[in-house]
Amino acid sequence: MFRYIFLLFFIFSAFTANSQDLDSISTTKTERDSIRYTRLKERMGKRKLTRQLYRLLFRDVYNRGQAGEVSAIETNPFIPYEGLIIGSISIRQLDILGESVYDTTRRGNRLERFVSEHLHTDTRERIVRNSFLLFKEGDLINARQLKDNERLLRSNPTILDARILVVRRPESVWLADVVVLIQDVWSLNVSGGFGGFDNIALGVDNINVGGYAHSHYNAIRWNARDTLQKFQFRSIYTIPYIGKTFITGQASFIWERDLKQQSIRLSRPFLTVQTKYAGALELGHSRIQEYKRILVDKNAVVSYPVAFNYYDIWVGRSFKIPKISVRENTRFIAALRTNNYNFTHRPIVRADTNKIYWNRHATLASIGFSNRNYRRDVLIYGFGRTEDVPLGSLFALTIGRESTEFGQRGYGGVQYASGKYLPRGLGYLYGMVNVGSYFQSGTAQQGVMGGQLNYFSGLAPLGNSYFRQFINLRYTYGINRDPLEYLNISRNEGLRGITSPQLIGTKRLTAGFESVLFSTRSLLGFRIAYFLFTDLGLVASNENLWKSPVYQGYGLGFRFRNENLTFNTFQVRVGYYPNIPDLYNALRFEGGGISTLQLRDFDISAPSILPLR
């Protein structure tokens, strides 16, 4: 609750109105809407009071830079400069409010400039130059590398948007200068709740400590009525890239009622197609208070502590495939992983019971092919920021062996995924299938078979707004799972907005449909999207999945967000659930913050055991 009070206060006090470009807009419609708002501005500008009201409420979101910058996504703008030598690199930090990487002539108003210059610390130029750039002065310009670097900059949580420009030197045919434009986000987020002086929660998240791009999250909670643990605390510190290594480091200390964890992690993914080496090292201790339901009696809850020490190491190598009939951005990847889990607290384990709590040491190896590319788009999961949509495919085969206190068993798994934009602007389609299982004495154990299909339509104009349709299908089948292992179709796993102990099983099929209307108006810097949704789900255990009831949810709501802030998207939703068991009221209202969704990439990471989820 405190988070949203702070949010409303910030809206009122800072007027953070930095709407992002809607660059997929047709030129004719853009001009028509621009004229409409220009006339409104002229009418309200005749008097001082209405002129100030217009400046407070509305932004000229259509008069912002060159239309089509983001929509010109088929070409690589750096190809004409391929092979030139980089003479100098300039880093230009834009104000967090009022400016845009697609219109460098745009300036914010006086208040926006004050907030940007005096209440925010920009990411230090030295950090950007030494840790975030894949190139340096004197290098030959690699068009693919520069395009990838733009994407990596945008993927950093401290950066709202980024753009790289190449400027030829007029006196030389082989030299060019590079300009890197960066716009940070507001780095401080305060959250919490107040339920009386005996129940207080407070969290502070600084995602750009001192301009070094480090993230430090701290949260405390005091609940005098909690008989198990009154004081709770967590602290997580993250360094996105250590020096020029592109290794991310994270240390966490969590001391909460149901989770106590101390861990340290170093990781380096396959950041780009050209990245040759990746890997991670993690070690720590965790103590979790589990709350499980039993499939034979779904109303019964079993609670027990689980504590374990662990380490997890993997390393991968990417190989460029010789010049055969494959694309330039295709790589062959081999990886090796080893991990160890030693339990100090757990429920009773036997050779056929609670296998997830066995003491175990596993060694896994994987090989696969990854084809990766990206296309820029807007208004998918964001509210106007540039979004990099993954295109390509991957195929990965994983094999391994696990040594446990009840003997050894093998593992095998395979995964295939593909995603692309459909022709004629019909939208984007992503599909994935995977299967994996342990094997012992010729019998499958703790196996999973699944698949999913995700689709979103092209961005279509509708009146003064823009429309997208989203469809998500997901199927999961658990093979010989233990009684305390099950699937759920509540909330984000299927039927959003509800939680029911009856919606669990070992196999499920869910379908989600959502129609989203993105408003082109900006109110105090916040963009609004309205949506309708339909969620359908089937779940079963031993019975036939197709004979189980089709659980349903229907509803509508709206979301709003300012991309310049680190706050989660705020959502208000009303849902109707006509046939959910033990639901006392079929009509449900919900409001709160939600995290921004991310599209799945086609990079191959650590060899892994396919989880039941």
**Study point:** Failed item, numbered, when Tyr584 is tested on (1) within 28 Å of the chain's Cα centre (by Cα); (2) open to solvent by 20 Å² or more (accessible area, probe 1.4 Å); (3) free of Cβ contacts under 8 Å to residues at least 60 places away in the same chain
**Key:** (1)
Exercise for review: Mind checking which strands (runs of 3 or more DSSP E) fall wholly inside segment 164-282 and carry at least 3 residues that are farther than 28 Å from Asn339 by Cβ and touching a helix residue (DSSP H, G or I) at 6+ places or on another chain (Cβ under 6 Å)?
Suggested key: 188-194
Point to revise | segment 514-530, subset within 30 Å of Pro549 (Cβ to Cβ) and within 20 Å of the chain's Cα centre (by Cα), residue least open to solvent (accessible area, probe 1.4 Å) | key: Val516
Revision key, fill the gap. Per the filter on segment 333-387, residues in a loop (DSSP other than H, G, I, E, B), closer than 22 Å to Leu599 by Cβ and aliphatic (A, V, I, L, M) are Val378, Leu379, Ile380
Practice item. Scan segment 302-322 and give yes if some residue there is in contact (Cβ under 8 Å) with a residue 24 or more places away in the chain, open to solvent by less than 20 Å² (accessible area, probe 1.4 Å), part of a helix (DSSP H, G or I) and not aliphatic (A, V, I, L, M), otherwise no. Key: no
**Study point:** Identity of the residue in segment 494-513, polar (S, T, N, Q) and surrounded by fewer than 19 Cβ atoms within 10 Å (Cβ to Cβ), that ends up farthest from the chain's Cα centre (by Cα)
**Key:** Gln502
Review point. Failed condition for Gly478, given (1) without any contact (Cβ under 8 Å) to a residue 60 or more places away in the chain; (2) of a type outside the set (A, V, I, L, M); (3) open to solvent by less than 40 Å² (accessible area, probe 1.4 Å); (4) in a strand (DSSP E or B), with all others met?
Key: (1)
Exercise for review: May I ask you to say which residue of Gln502, Gln452 is over 30 Å from Gly407 (Cα atoms), part of a loop (DSSP other than H, G, I, E, B) and not basic (Lys, Arg)?
Suggested key: Gln502
**Study point:** Candidate set: segment 83-104, residues that are out of contact with any Lys or Arg (no Cβ under 8 Å at 6 or more places or on another chain) and part of a strand (DSSP E or B); chosen: the one most open to solvent (accessible area, probe 1.4 Å)
**Key:** Arg92
Revision key, fill the gap. Among Leu538, Leu556, the single one that is in a strand (DSSP E or B), over 21 Å from the mean Cα position of the chain (by Cα), modelled with pLDDT of 95 or more and buried (at least 18 other Cβ atoms within 10 Å of the Cβ) is Leu538
**Study point:** Residue list for segment 184-203, filter: open to solvent by 60 Å² or more (accessible area, probe 1.4 Å) and either over 21 Å from Arg124 (Cβ atoms) or of a type in the set (Gly, Ala, Ser) (or both)
**Key:** Phe194, Phe197, Ile200, Leu202
Point to revise | Some residue of segment 394-416 being more than 29 Å from Tyr486 (Cα to Cα), open to solvent by less than 40 Å² (accessible area, probe 1.4 Å) and modelled with pLDDT under 95 | key: no
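Here is a yes/no grid of residues against (1) at pLDDT below 95; (2) crowded, with 17+ Cβ neighbours inside 10 Å; (3) touching a strand residue (DSSP E or B) at 6+ places or on another chain (Cβ under 8 Å); (4) on the phi < 0 side of the Ramachandran plot:
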| residue | (1), (2), (3), (4) |
| --- | --- |
| Arg221 | no, yes, yes, yes |
| Asp226 | yes, no, no, yes |
| Ile239 | no, yes, yes, yes |
| Lys244 | yes, no, no, yes |
| Phe253 | no, no, yes, yes |
| Lys260 | no, yes, yes, yes |
| Arg265 | no, no, yes, yes |
| Arg268 | no, yes, yes, yes |
| Leu281 | no, no, yes, yes |
Exercise for review: Please specify each residue of segment 169-198 satisfying the condition of being over 31 Å from the mean Cα position of the chain (by Cα) and under 30 Å from Glu256 (Cβ atoms).
Suggested key: Gly196, Phe197, Asp198
Practice item. Any residue in segment 434-456 that's under 20 Å from Leu394 (Cα atoms): show its pairings with residues that are basic (Lys, Arg) at Cβ separation under 7 Å, as long as the two are six or more apart or on different chains. Key: Gln452/Arg474
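The values are calculated or read from the model by the stated rules, or taken from the named source; none is laboratory data. Everything quoted here is computed from the prediction, not taken from an experiment. Backbone-built Cβ (ideal geometry, glycine too); neighbour counts: all protein chains shown. With ligands, DNA and RNA removed, areas are computed over all heavy atoms of the protein, side chains included. Shrake-Rupley method; radii C 1.70, N 1.55, O 1.52, S 1.80 Å.
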